[in-house]
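A short write-up of the structure that comes next.
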Amino acid sequence: MSSPSSSAALIAELQAEVASLRAALACSSPPPPSSSPPLPPPPLRAKIEAMSAEVVDSNPYSRLMALERMGLVKEYERIRDLSILIVGLGGVGSVAAEMLTRCGIGKLLLFDYDTVELANMNRLFFRPQQAGQTKTAAAKATLEGINPDVIFEEHTYNITETAHFDHFLDRLSHGSLTNTTPVDLVLSCVDNYAARTAINQACNELDTVWMESGVSEDAVSGHIQTLLPGRTACFECLPPLIVASGIDEKTLRREGVCAASLPTTMGIIAGFLVQNSLKYLLNFGNISYYLGYSALLDHFPREVLLPNPECGSSWCRKRQEEWKGLWKAKEGGREGGGQGGEEEQGVVHETNEWGIEVVSEGGGSEDDDDDAAAAAPGAAAAPAPGAAAVGGGGEEGKEGGKEELSLEDLAALLQSMQSL
């Protein structure tokens, strides 16, 4: 049995050790939180009633309105009267929504049923702190901060479900700024065939123009396509093999296996999609009916896909009858009309007080050089790869050709080519 003196010494020793631990803990603890409240987020800029071309640092539209001043777009401010419906806010759709917001579109209707995940962070637009939020809510919050002048409408549901399809049709037909007339354009940015088929059915039924986009599973190719009901091929006119075979695409997915994803490819396709949308809606340049992109080859195939008279969609066949003999694919803006057929105008500069002009190496101005090339008797387009360049060899072929070949020379040349 221990003596009282030894017990007292042990207690004193333990008390000293506790005091030492408390002192060490106090030194390592973070300082108490500040009593001042956290700073509020910066306020949104005030809404701007009308676009202005005034060149000042406080005008977010000055560089957009410069397109009008340079003669590229007529009445750019019309963009604020337009509405676009976007289905799918993934790697392409979210970036397209941001681009259109920065361009000053009047209204965006956003459709997606999914939530933001950390697995989405290899793409553009969404941020890690938005993980768990619905993509529509997260996108709306971000886009409103970029441009409060745009009207945003969010819908978080799957458009392929029967319970939601009628509402989807209603927003297509009444989604304008006034909620009384149809939207001006639909953008498909989805990653499955079921949603594309649903959009195709709705747009054929309502005769609504839409643009489809996609990126391959290996992330190194993609495409955009303009679909004019009854005029160009719809999604059912030339269906992918999976759709034509009636295979459920869900059965093709394997657990633990996902498609590749590159923000570069998705950003490129989103840029093509929005550029095509602007050209179609604002009537400038040449729209693309189908534009492909291969990142490995830097190849950009372009096609016009015509409708199938035996399309499986009854609405497509009906639209084909309505447009029969009334439309022909052209290069240009809205439905091929645009400014593509107008005389091309050079960039217009407001002032040029020193009279500067671009001069070719030959000494003449750039315009003079173009005119001379067009008027030269021997001027011709560059031959296709593998084609014989008639009159292009020897000294006679230099500088546009000193003399033209006679009919006898051409006949002899053709005969020699046939004997090869």
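Identify, by number, the condition in (1) aliphatic (A, V, I, L, M); (2) modelled with pLDDT under 95; (3) assigned to a helix (DSSP H, G or I) that Leu169 doesn't meet.
Status for Leu169: all satisfied but (2).
Please work out if Thr136 is among the hydroxyl-bearing types (Ser, Thr, Tyr) and either without any contact (Cβ under 8 Å) to a residue 40 or more places away in the chain or closer than 18 Å to Leu44 by Cβ (or both).
No: the conditions fail for Thr136.
Name every residue in segment 307-347 that is at pLDDT 70 or above, of a type in the set (D, E, K, R) and farther than 19 Å from Met211 by Cβ, in order of residue number.
Answer for segment 307-347, where residues must be at pLDDT 70 or above, of a type in the set (D, E, K, R) and farther than 19 Å from Met211 by Cβ: Glu310, Arg317, Lys318, Glu321, Glu322, Lys324, Lys328.
Taking interchain pairs and intrachain pairs at least six residues apart, which have beta carbon atoms under 9 angstrom, with the first residue in segment 293-317 and within 14 Å of Arg231 (Cα to Cα) and the second basic (Lys, Arg) and outside any helix (DSSP H, G or I)?
Qualifying pairs under 9 Å: Leu306/Arg231; Pro307/Arg231.
As an exercise: evaluate Leu238 against (1) surrounded by 12 or more Cβ atoms within 10 Å (Cβ to Cβ); (2) closer than 27 Å to Ile79 by Cα; (3) modelled with pLDDT under 95 and give the number of the one condition it does not meet.
(2)
Residue-by-condition table, conditions (1) within 24 Å of Ala219 (Cα to Cα); (2) at pLDDT 95 or above; (3) crowded, with 16+ Cβ neighbours inside 10 Å:
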residue	(1), (2), (3)
Cys103	no, yes, yes
Gly106	no, yes, yes
Asp112	yes, yes, yes
Asn120	yes, no, yes
Ala131	yes, no, no
Ser188	yes, yes, yes
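I'd like to verify a number: residues in segment 174-199 that are without any contact (Cβ under 8 Å) to a residue 40 or more places away in the chain and touching a strand residue (DSSP E or B) at 6+ places or on another chain (Cβ under 7 Å), how many? So that I can check it myself, show each step before the final result.
Kept after step one, since they are without any contact (Cβ under 8 Å) to a residue 40 or more places away in the chain, are these residues of segment 174-199: 174, 178-182, 196, 198.
Filter once more, so that each one left must be touching a strand residue (DSSP E or B) at 6+ places or on another chain (Cβ under 7 Å): 196.
Within segment 174-199, residues that are without any contact (Cβ under 8 Å) to a residue 40 or more places away in the chain and touching a strand residue (DSSP E or B) at 6+ places or on another chain (Cβ under 7 Å) number 1.
Each row is one residue, and each column tells you yes or no for (1) within 24 Å of Lys279 (Cα to Cα); (2) part of a loop (DSSP other than H, G, I, E, B).
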{"position": "Lys47", "(1), (2)": "no, yes"}
{"position": "Ala50", "(1), (2)": "yes, yes"}
{"position": "Ala53", "(1), (2)": "yes, yes"}
{"position": "Val56", "(1), (2)": "no, yes"}
{"position": "Arg63", "(1), (2)": "yes, no"}
{"position": "Leu67", "(1), (2)": "yes, no"}
{"position": "Lys74", "(1), (2)": "yes, yes"}
{"position": "Ile79", "(1), (2)": "yes, no"}
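The values are calculated or read from the model by the stated rules, or taken from the named source; none is laboratory data. The structure displayed is predicted, hence computed values, not measured ones. So basically every Cβ, Gly included, is an ideal-geometry build from the backbone, and we count neighbours across all protein chains shown.
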